[in-house]
Amino acid sequence: MKAITLKSFGGPEQMQISEVLDPVIGDNEILVQVHFTALNRADTLQRKGLYPPPEGESEIMGLEMAGVVAQIGNSVQKWKVGDKVCGLLPGGGYAELARIHEDMALPIPRGLGLEEAVAIPEVFLTAFQAIRWLADLQNGETVLIHAGASGVGTAAIQLAKAIGAQSIVTASKSKHSFCLQLGAKEAIDYKNQNFEVEIKRLTEGQGVNVIMDFIGGPYFQKNLNCLALEGRLIMQGWMGGPKISETNLGPILQKRLQITGSTLRSRTQEYKIALSKDLFNFAWPLFENEQLKPIIDSVYTWDMAAQAHQKMEENKNIGKIILKIT
(Lines give C-alpha, C1' and ligand atoms only; values in the text may rest on other atoms or scores of the structure.)
Protein backbone atom coordinates (compact mmCIF):
# COMPACT_ATOMS: atom_id res chain seq x y z
CA MET A 1 0.00 0.00 0.00
CA LYS A 2 0.93 3.66 -0.13
CA ALA A 3 1.36 5.69 3.04
CA ILE A 4 2.80 9.01 4.17
CA THR A 5 6.22 8.38 5.67
CA LEU A 6 9.01 10.61 6.96
CA LYS A 7 12.36 11.17 5.29
CA SER A 8 13.57 12.23 8.73
CA PHE A 9 12.14 14.04 11.72
CA GLY A 10 11.57 17.73 11.10
CA GLY A 11 9.30 20.13 9.25
CA PRO A 12 6.29 19.41 7.01
CA GLU A 13 8.59 19.04 4.01
CA GLN A 14 9.90 15.77 5.49
CA MET A 15 6.66 13.97 4.61
CA GLN A 16 6.44 11.86 1.48
CA ILE A 17 4.15 9.22 -0.02
CA SER A 18 5.92 5.85 -0.11
CA GLU A 19 5.23 2.17 -0.70
CA VAL A 20 5.06 0.21 2.57
CA LEU A 21 3.88 -3.22 3.66
CA ASP A 22 0.16 -3.75 4.14
CA PRO A 23 -1.02 -4.10 7.75
CA VAL A 24 -1.65 -7.65 8.97
CA ILE A 25 -4.84 -8.00 10.99
CA GLY A 26 -5.47 -10.21 14.01
CA ASP A 27 -8.51 -12.40 14.67
CA ASN A 28 -10.51 -9.55 16.26
CA GLU A 29 -9.43 -6.84 13.86
CA ILE A 30 -10.70 -5.45 10.59
CA LEU A 31 -8.73 -3.98 7.69
CA VAL A 32 -10.18 -0.73 6.42
CA GLN A 33 -9.63 0.90 3.06
CA VAL A 34 -9.06 4.45 4.24
CA HIS A 35 -10.85 7.18 2.34
CA PHE A 36 -10.16 10.02 4.78
CA THR A 37 -7.94 10.71 7.74
CA ALA A 38 -7.57 13.90 9.79
CA LEU A 39 -4.83 15.97 11.38
CA ASN A 40 -4.15 16.15 15.10
CA ARG A 41 -1.51 17.96 17.13
CA ALA A 42 -0.01 14.58 17.92
CA ASP A 43 0.81 14.18 14.21
CA THR A 44 2.85 17.36 14.09
CA LEU A 45 4.70 16.35 17.26
CA GLN A 46 5.36 12.85 15.92
CA ARG A 47 6.66 14.37 12.69
CA LYS A 48 9.20 16.31 14.75
CA GLY A 49 10.27 13.22 16.69
CA LEU A 50 8.66 14.45 19.92
CA TYR A 51 5.75 12.00 20.25
CA PRO A 52 6.56 8.39 19.31
CA PRO A 53 3.70 5.94 18.81
CA PRO A 54 2.90 3.43 21.58
CA GLU A 55 5.13 0.36 21.56
CA GLY A 56 4.12 -2.15 18.91
CA GLU A 57 1.88 0.24 16.98
CA SER A 58 2.30 1.63 13.48
CA GLU A 59 4.91 4.34 13.07
CA ILE A 60 2.76 5.90 10.34
CA MET A 61 1.04 9.09 11.51
CA GLY A 62 -2.72 9.41 11.74
CA LEU A 63 -4.96 8.84 14.77
CA GLU A 64 -8.30 8.40 13.03
CA MET A 65 -9.84 7.27 9.79
CA ALA A 66 -13.08 6.75 7.89
CA GLY A 67 -13.40 4.18 5.16
CA VAL A 68 -14.75 0.83 4.00
CA VAL A 69 -14.08 -2.59 5.53
CA ALA A 70 -11.83 -4.53 3.14
CA GLN A 71 -11.11 -7.63 5.24
CA ILE A 72 -12.23 -9.10 8.56
CA GLY A 73 -10.38 -11.25 11.08
CA ASN A 74 -11.39 -14.83 11.80
CA SER A 75 -13.31 -13.96 14.98
CA VAL A 76 -14.94 -10.71 13.89
CA GLN A 77 -18.70 -10.69 14.44
CA LYS A 78 -19.70 -7.02 14.18
CA TRP A 79 -18.61 -6.13 10.65
CA LYS A 80 -18.61 -7.46 7.11
CA VAL A 81 -16.65 -6.48 4.02
CA GLY A 82 -18.15 -3.35 2.51
CA ASP A 83 -19.34 -1.78 5.76
CA LYS A 84 -18.52 1.90 6.23
CA VAL A 85 -16.77 2.73 9.51
CA CYS A 86 -14.80 5.39 11.31
CA GLY A 87 -12.65 5.10 14.39
CA LEU A 88 -9.76 6.11 16.60
CA LEU A 89 -6.32 4.64 15.83
CA PRO A 90 -3.06 4.48 17.80
CA GLY A 91 -1.39 5.33 14.50
CA GLY A 92 -1.47 4.34 10.84
CA GLY A 93 -4.20 6.62 9.50
CA TYR A 94 -2.07 8.34 6.85
CA ALA A 95 -2.27 5.27 4.62
CA GLU A 96 -4.44 3.46 2.10
CA LEU A 97 -5.14 0.65 4.59
CA ALA A 98 -5.44 0.66 8.37
CA ARG A 99 -6.20 -2.05 10.93
CA ILE A 100 -8.49 -1.52 13.89
CA HIS A 101 -10.04 -3.72 16.59
CA GLU A 102 -13.65 -4.50 15.69
CA ASP A 103 -14.89 -2.91 18.93
CA MET A 104 -13.00 0.32 18.25
CA ALA A 105 -14.65 0.79 14.86
CA LEU A 106 -17.83 2.85 14.82
CA PRO A 107 -20.60 3.02 12.23
CA ILE A 108 -21.05 6.20 10.24
CA PRO A 109 -23.89 8.24 11.78
CA ARG A 110 -26.99 8.32 9.57
CA GLY A 111 -26.99 11.40 7.38
CA LEU A 112 -23.21 11.82 7.38
CA GLY A 113 -20.65 10.82 4.77
CA LEU A 114 -17.15 9.46 5.28
CA GLU A 115 -15.61 12.93 4.89
CA GLU A 116 -17.73 14.27 7.77
CA ALA A 117 -17.43 11.16 9.94
CA VAL A 118 -13.63 11.25 9.99
CA ALA A 119 -13.87 14.54 11.89
CA ILE A 120 -15.57 12.77 14.83
CA PRO A 121 -13.37 10.11 16.49
CA GLU A 122 -10.33 11.83 17.98
CA VAL A 123 -11.81 15.18 18.94
CA PHE A 124 -15.14 13.96 20.27
CA LEU A 125 -13.53 11.08 22.19
CA THR A 126 -10.94 13.46 23.67
CA ALA A 127 -13.55 16.06 24.62
CA PHE A 128 -16.00 13.43 25.91
CA GLN A 129 -13.28 11.81 28.02
CA ALA A 130 -12.38 15.19 29.52
CA ILE A 131 -15.76 16.66 30.35
CA ARG A 132 -17.80 13.48 30.91
CA TRP A 133 -15.44 10.82 32.26
CA LEU A 134 -12.80 12.92 34.03
CA ALA A 135 -14.56 16.16 35.02
CA ASP A 136 -18.10 14.79 35.31
CA LEU A 137 -19.47 18.09 34.01
CA GLN A 138 -23.04 18.55 35.16
CA ASN A 139 -26.15 20.30 33.90
CA GLY A 140 -25.99 23.92 35.03
CA GLU A 141 -22.21 24.05 35.51
CA THR A 142 -19.77 26.21 33.55
CA VAL A 143 -16.68 25.00 31.69
CA LEU A 144 -13.78 27.13 30.41
CA ILE A 145 -12.46 25.65 27.17
CA HIS A 146 -9.04 26.88 26.09
CA ALA A 147 -8.36 26.73 22.34
CA GLY A 148 -12.11 26.80 21.82
CA ALA A 149 -11.91 26.92 18.02
CA SER A 150 -9.68 23.83 17.78
CA GLY A 151 -11.07 20.45 16.82
CA VAL A 152 -11.35 19.33 20.45
CA GLY A 153 -12.60 22.76 21.47
CA THR A 154 -15.45 22.79 18.96
CA ALA A 155 -16.43 19.28 20.05
CA ALA A 156 -16.33 20.27 23.73
CA ILE A 157 -18.57 23.32 23.14
CA GLN A 158 -21.21 21.09 21.60
CA LEU A 159 -20.96 18.34 24.20
CA ALA A 160 -21.20 20.85 27.05
CA LYS A 161 -24.36 22.29 25.50
CA ALA A 162 -25.84 18.80 25.09
CA ILE A 163 -25.16 18.11 28.79
CA GLY A 164 -26.87 21.37 29.75
CA ALA A 165 -23.69 23.16 30.84
CA GLN A 166 -22.47 26.58 29.73
CA SER A 167 -19.10 27.08 28.07
CA ILE A 168 -16.71 30.01 27.94
CA VAL A 169 -13.90 29.76 25.40
CA THR A 170 -10.57 31.39 24.78
CA ALA A 171 -9.75 31.93 21.10
CA SER A 172 -8.39 34.59 18.80
CA LYS A 173 -10.91 37.36 18.09
CA SER A 174 -11.54 36.27 14.51
CA LYS A 175 -12.84 32.90 15.76
CA HIS A 176 -15.24 34.22 18.41
CA SER A 177 -18.37 34.44 16.28
CA PHE A 178 -18.04 30.83 15.18
CA CYS A 179 -17.62 29.58 18.75
CA LEU A 180 -20.64 31.60 19.90
CA GLN A 181 -22.78 30.29 17.04
CA LEU A 182 -21.74 26.78 17.98
CA GLY A 183 -23.07 27.24 21.50
CA ALA A 184 -20.44 28.97 23.64
CA LYS A 185 -21.92 31.53 26.02
CA GLU A 186 -18.89 33.84 26.01
CA ALA A 187 -15.58 34.14 24.14
CA ILE A 188 -12.35 35.70 25.41
CA ASP A 189 -9.60 37.03 23.15
CA TYR A 190 -6.57 35.37 24.72
CA LYS A 191 -4.19 37.60 22.74
CA ASN A 192 -5.57 40.92 24.00
CA GLN A 193 -7.52 40.06 27.15
CA ASN A 194 -6.49 38.56 30.49
CA PHE A 195 -8.72 35.50 30.72
CA GLU A 196 -8.42 35.37 34.50
CA VAL A 197 -9.82 38.89 34.80
CA GLU A 198 -12.56 38.13 32.29
CA ILE A 199 -13.60 34.89 34.02
CA LYS A 200 -13.94 36.69 37.34
CA ARG A 201 -16.06 39.35 35.66
CA LEU A 202 -18.25 36.91 33.71
CA THR A 203 -18.86 34.67 36.73
CA GLU A 204 -19.22 37.52 39.23
CA GLY A 205 -16.16 36.28 41.08
CA GLN A 206 -17.42 32.70 41.49
CA GLY A 207 -15.16 31.07 38.89
CA VAL A 208 -15.86 28.13 36.59
CA ASN A 209 -16.51 24.54 37.59
CA VAL A 210 -14.31 22.87 34.96
CA ILE A 211 -11.37 23.94 32.80
CA MET A 212 -10.12 22.06 29.73
CA ASP A 213 -6.51 23.10 29.15
CA PHE A 214 -4.04 22.30 26.37
CA ILE A 215 -1.58 25.14 27.06
CA GLY A 216 0.13 23.96 30.24
CA GLY A 217 2.71 25.99 32.15
CA PRO A 218 1.82 29.58 31.17
CA TYR A 219 -1.85 29.07 32.11
CA PHE A 220 -1.47 26.93 35.24
CA GLN A 221 -1.67 29.63 37.93
CA LYS A 222 -4.44 31.52 36.17
CA ASN A 223 -6.38 28.27 35.78
CA LEU A 224 -6.16 27.63 39.52
CA ASN A 225 -7.35 31.16 40.19
CA CYS A 226 -10.27 30.80 37.74
CA LEU A 227 -11.73 27.64 39.26
CA ALA A 228 -14.73 27.73 41.56
CA LEU A 229 -15.01 25.82 44.82
CA GLU A 230 -14.40 22.10 44.12
CA GLY A 231 -13.47 22.94 40.54
CA ARG A 232 -11.79 20.44 38.20
CA LEU A 233 -8.82 21.20 35.94
CA ILE A 234 -8.31 18.71 33.11
CA MET A 235 -4.85 19.08 31.56
CA GLN A 236 -4.45 17.51 28.11
CA GLY A 237 -1.40 19.19 26.65
CA TRP A 238 1.32 21.78 27.08
CA MET A 239 1.38 23.72 23.86
CA GLY A 240 2.81 26.64 25.82
CA GLY A 241 5.42 24.49 27.59
CA PRO A 242 5.36 21.98 30.48
CA LYS A 243 7.22 24.02 33.10
CA ILE A 244 6.18 26.73 35.56
CA SER A 245 8.59 29.06 37.32
CA GLU A 246 6.52 30.00 40.36
CA THR A 247 3.11 28.86 41.57
CA ASN A 248 0.88 29.57 44.53
CA LEU A 249 -0.63 26.21 45.46
CA GLY A 250 -2.98 27.79 47.96
CA PRO A 251 -6.09 27.64 45.75
CA ILE A 252 -5.78 23.85 45.44
CA LEU A 253 -6.37 23.39 49.16
CA GLN A 254 -8.52 26.43 49.78
CA LYS A 255 -10.98 25.54 47.02
CA ARG A 256 -10.57 21.73 47.20
CA LEU A 257 -9.56 21.58 43.54
CA GLN A 258 -8.99 18.47 41.47
CA ILE A 259 -6.22 18.46 38.85
CA THR A 260 -6.20 15.61 36.35
CA GLY A 261 -3.71 15.02 33.56
CA SER A 262 -4.67 12.79 30.68
CA THR A 263 -3.76 11.67 27.21
CA LEU A 264 -5.80 9.27 25.09
CA ARG A 265 -3.32 7.70 22.69
CA SER A 266 -1.42 5.80 25.39
CA ARG A 267 -4.54 4.42 27.11
CA THR A 268 -5.19 0.69 27.00
CA GLN A 269 -7.25 -0.76 24.20
CA GLU A 270 -9.87 -1.83 26.76
CA TYR A 271 -10.19 1.75 28.01
CA LYS A 272 -10.55 3.16 24.50
CA ILE A 273 -13.14 0.53 23.57
CA ALA A 274 -15.22 1.42 26.64
CA LEU A 275 -14.88 5.14 25.89
CA SER A 276 -15.86 4.60 22.24
CA LYS A 277 -18.96 2.63 23.24
CA ASP A 278 -19.99 5.30 25.74
CA LEU A 279 -19.52 8.09 23.20
CA PHE A 280 -21.49 6.09 20.64
CA ASN A 281 -24.43 5.65 23.02
CA PHE A 282 -24.40 9.31 24.05
CA ALA A 283 -23.52 11.10 20.83
CA TRP A 284 -24.69 9.10 17.82
CA PRO A 285 -28.39 9.93 18.34
CA LEU A 286 -27.35 13.58 18.64
CA PHE A 287 -25.34 13.46 15.41
CA GLU A 288 -28.29 11.88 13.65
CA ASN A 289 -30.74 14.58 14.80
CA GLU A 290 -28.12 17.29 14.12
CA GLN A 291 -27.71 18.43 17.73
CA LEU A 292 -24.03 17.58 17.28
CA LYS A 293 -22.04 18.06 14.11
CA PRO A 294 -18.43 17.46 13.06
CA ILE A 295 -16.68 20.76 12.33
CA ILE A 296 -14.48 20.68 9.25
CA ASP A 297 -12.14 23.55 8.48
CA SER A 298 -10.68 22.30 5.20
CA VAL A 299 -9.98 19.21 3.11
CA TYR A 300 -6.63 18.53 1.45
CA THR A 301 -5.58 15.69 -0.80
CA TRP A 302 -2.87 13.72 0.93
CA ASP A 303 -0.18 14.88 -1.48
CA MET A 304 -0.77 18.30 0.15
CA ALA A 305 -0.16 17.02 3.69
CA ALA A 306 2.71 19.48 4.17
CA GLN A 307 0.41 22.45 3.54
CA ALA A 308 -2.18 20.96 5.87
CA HIS A 309 0.38 20.53 8.67
CA GLN A 310 1.62 24.07 8.17
CA LYS A 311 -1.92 25.44 8.49
CA MET A 312 -2.43 23.59 11.76
CA GLU A 313 0.89 24.77 13.17
CA GLU A 314 -0.02 28.36 12.30
CA ASN A 315 -3.31 27.94 14.26
CA LYS A 316 -5.35 29.07 11.27
CA ASN A 317 -7.98 26.34 11.42
CA ILE A 318 -11.42 26.29 13.02
CA GLY A 319 -12.27 22.63 13.57
CA LYS A 320 -10.70 19.70 11.77
CA ILE A 321 -8.29 19.60 8.84
CA ILE A 322 -9.02 16.56 6.70
CA LEU A 323 -6.77 14.56 4.37
CA LYS A 324 -8.37 12.75 1.47
CA ILE A 325 -6.50 9.54 0.71
CA THR A 326 -6.39 9.15 -3.08
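Observations on the structure shown:
- Subset tally (residues that are more than 19 Å from ASP22 (Cα to Cα) and either part of a strand (DSSP E or B) or not acidic (Asp, Glu) (or both)) for segment 89-104: 1
- Within segment 124-153, considering residues that are surrounded by fewer than 24 Cβ atoms within 10 Å (Cβ to Cβ) and touching a strand residue (DSSP E or B) at 6+ places or on another chain (Cβ under 7 Å), the one nearest to GLN166 (Cα to Cα): THR142
- Test: residue in segment 276-287 that is closer than 20 Å to ALA162 by Cα and under 14 Å from the mean Cα position of the chain (by Cα): yes
- Some residue of segment 38-59 being farther than 14 Å from MET312 by Cβ, in contact with a Phe, Trp or Tyr (Cβ under 9 Å, 6 or more places away or on another chain) and of a type in the set (Val, Ile, Thr): no
- The set of residues from segment 218-233 being surrounded by fewer than 23 Cβ atoms within 10 Å (Cβ to Cβ) and either at negative phi or in contact with a helix residue (DSSP H, G or I) (Cβ under 7 Å, 6 or more places away or on another chain) (or both) comprises PRO218, PHE220, GLN221, LYS222, ASN225, ALA228, LEU229.
- Failed criterion for GLU29 (all others in (1) in contact (Cβ under 8 Å) with a residue 40 or more places away in the chain; (2) crowded, with 19+ Cβ neighbours inside 10 Å; (3) under 28 Å from PHE214 (Cβ atoms) hold): (3)
- Helices (runs of 4 or more DSSP H) wholly inside segment 136-206 that include at least 1 residues being touching a residue at least 60 places away in the same chain (Cβ under 8 Å) and small (Gly, Ala, Ser): 151-163
- Residue that is surrounded by the most Cβ atoms within 10 Å (Cβ to Cβ), among those in segment 185-217 that are modelled with pLDDT under 95 and under 17 Å from LEU249 (Cβ atoms): GLY216
- Check on ILE325, out of contact with any Pro (no Cβ under 6 Å at 6 or more places or on another chain) and more than 25 Å from GLY237 (Cβ to Cβ): yes
The values are calculated or read from the model by the stated rules, or taken from the named source; none is laboratory data. Because the structure is a prediction, the values reported are computed rather than measured. Glycine gets a Cβ as well: all are built from the backbone with ideal geometry, and neighbour counts include every protein chain shown.
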